Every structure is written in structure tokens, then in C-alpha cells.
Amino acid sequence: MLTQQSVAERKISIRLACQIFAVSETCYRYQPILSDENAEIAHRLIKLRHL
């Protein structure tokens, strides 16, 4: 993501990077949480598709 790259490489604040790229700070900080249950469901759906 350009905002993360700008913060890391150009040493600008998260707030400024988000303003420059029109991204909310919530979006910048979002980290998806993947569970084992989701992986199992995906695996089962793939198996059903091949029946």
C-alpha cells in the first residue's frame, strides 16, 4: 500500500500519508483476522465444487 510505503520510506506521519492518498486511518490500520474455521469452510466448498 502506498501509504505504508510512504510512512516507512519517507518518514512521514500516518495521518499525513492517509490525507495525501485519501485513505482513512482505520483502513490504514486494518488487519484481517483469518481463522482456521474459515480455511476449513473454504476447503469444503472447493471439495463440493468438484463433485
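Would you mind stating whether ILE12 is part of a helix (DSSP H, G or I), of a type outside the set (Lys, Arg) and over 19 Å from the mean Cα position of the chain (by Cα)?
Values: part of a helix (DSSP H, G or I): no; of a type outside the set (Lys, Arg): yes; over 19 Å from the mean Cα position of the chain (by Cα): yes.
Answer is no for this residue.
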Report every pair of residues separated by at least 6 positions or lying on different chains whose Cβ atoms are under 9 Å apart, first residue within the stretch 1-21 and within 17 Å of GLN31 (Cα to Cα), second basic (Lys, Arg) and loosely packed, with under 11 Cβ neighbours inside 10 Å.
ILE14/ARG29
I'd like the residue in the stretch 17-34 that is within 12 Å of LEU2 (Cα to Cα) and among the aliphatic types (A, V, I, L, M) and, out of all such residues, is surrounded by the fewest Cβ atoms within 10 Å (Cβ to Cβ).
ALA22
Which numbered condition ALA22 fails, given (1) under 19 Å from the mean Cα position of the chain (by Cα); (2) modelled with pLDDT under 95; (3) of a type outside the set (Val, Ile, Thr)
(2)
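Take ALA8 and decide whether it is among the small types (Gly, Ala, Ser), surrounded by 10 or more Cβ atoms within 10 Å (Cβ to Cβ) and in contact with a helix residue (DSSP H, G or I) (Cβ under 8 Å, 6 or more places away or on another chain). Quick ask: steps written out before the conclusion?
Details: among the small types (Gly, Ala, Ser): yes; surrounded by 10 or more Cβ atoms within 10 Å (Cβ to Cβ): yes; in contact with a helix residue (DSSP H, G or I) (Cβ under 8 Å, 6 or more places away or on another chain): no.
For ALA8, the condition - among the small types (Gly, Ala, Ser), surrounded by 10 or more Cβ atoms within 10 Å (Cβ to Cβ) and in contact with a helix residue (DSSP H, G or I) (Cβ under 8 Å, 6 or more places away or on another chain) - is not met.
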Report every pair of residues separated by at least 6 positions or lying on different chains whose Cβ atoms are under 9 Å apart, first residue within the stretch 23-48 and β-branched (Val, Ile, Thr), second in a helix (DSSP H, G or I).
VAL23/LEU2; VAL23/THR3; VAL23/ALA17
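The values are calculated or read from the model by the stated rules, or taken from the named source; none is laboratory data. The structure displayed is predicted, hence computed values, not measured ones. Methodologically, a virtual Cβ is constructed for each residue, glycine included, from the backbone with ideal geometry; neighbour enumeration extends over all protein chains shown.
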